[in-house]
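Q: Below: one structure in structure tokens.
Derivation of every value follows stated rules applied to the coordinates shown; laboratory data play no part. What you see is a predicted model; the values in this text were computed from it and never measured.
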Amino acid sequence: MHSGTGTLILRNGRRLPLVYKFGSDHGDTRAGYLFCDTSDVDPAILCERMHVLCDDGTEVVVAVTHSSDRYLAITGRVAPKAAA
């Protein structure tokens, strides 16, 4: 289990603080849970691609597989680092 804190960036630019727990982190793939308050988020926006910025600097592009007001089950892939 790999866990930490970060920020969920929705497609509309809104940012939500979160705690993540990835049960799978093989290579560049991730799967697990994002614990954040989504009670006032339109559920339709959760169907679009989102980004998680982890406090360790990792960026993960995620898709939601299950949602509630307190957590999101996700699968995703680490975004490639931008060329300097």
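Q: What's the Kirkwood radius of the chain in Å, using all Cα pairs?
A: Mean inverse Cα-Cα distance, inverted, gives 12.7 Å.
Q: Rank A31, A44, A73 by mean-square fluctuation in a GNM of the chain with C-alpha springs under 10 angstrom and give only the top-ranked residue.
A: Among A31, A44, A73, the largest mean-square fluctuation in the Gaussian network model of the chain belongs to A44.
Q: Let me have the relative contact order for the stretch 2-78, percent, based on Cα pairs under 8 Å that are six or more residues apart.
A: 31 percent
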